[in-house]
Amino acid sequence: MIASAQPIHVAITRRIKSGCEREFQTALKEFFARSLAESGVHGAAMLVPPPGSSSAQYGIIRSFASAAERDAFYASPLYLEWKKRVAPLSDGEPEARELQGLEAFFRGNNSAPPPRWKMAIATYLGVVPVIMTLALTLGPLIRSWNFVLYNLVFNACVVVLLTWVVMPLITRALQGWLHIGEKKI
């Protein structure tokens, strides 16, 4: 199997008990700073509720070089110590999920995903040339095929090119615009 050159992005969120927010934020900032020195960590972003919000949801979006380094980080003494420290401050267990698709493409090294309208424009800028190029090159070669088979092959080529070639280039080229005005933490 070919190893992915793309980093792995994981979002972990947790609800904090009322009255524990300040203590949790202090602990989160300390953990955040210490965790960036860990091997394989490509970057991270803190997610805190806006001032005046009634939300109790906090989290970190973290990028790793590989699945092995992700797994090593979450099994590390640093992370296990963090989990113990904040368990009494948390309301239930944290929720973890790996970001996929557009979320992963558009997440910068130290930021949350940009607004959806920007993701839509960037995606459009990737999709149009891929479809036009394939329509002019692959289309004539397979046009005589059965409609279903033609569409399965054509669309598989679109997805492969977008996933591994075009969207990484587009998001890298538009990084400044996609994340303009964001605060880096």
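Rule-based calculations on the coordinates, nothing more; no lab input. Everything quoted here is computed from the prediction, not taken from an experiment. Positions of Cβ are backbone-derived with ideal geometry, glycine not excepted, and every protein chain shown enters the neighbour counts.
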Cut-off under 5 Å, modelled amide H: who pairs with L99 long-range: H9, V10, A11
Estimated distance in nm for a label pair at R22 and E93, the labels positioned 7 Å out from Cα along Cα-to-Cβ: 3.2
Relative contact order %, the chain, counting alpha carbon pairs below 8 Å whose residues are six or more apart: 26
Fully extended contour minus Cα-Cα distance, from K29 to S55, at 0.36 nm per residue: 7.5 nm
Within the stretch 117-138: backbone nitrogen closer than 20 Å to the A156 label point (7 Å, Cα to C-beta): 130-138
Projected label distance in nm at L125 and K84, using a 7 Å step from Cα toward the beta-carbon: 4.8
Expected 222 nm ellipticity per residue - DSSP helices of 4 or more, -39500 (n - 2.57), all of the chain, to 500: -15500 deg cm²/dmol
Rg/Rg_globular for the chain, with Rg_globular taken as 2.2 N^0.38 Å and Rg from C-alpha atoms: 1.27
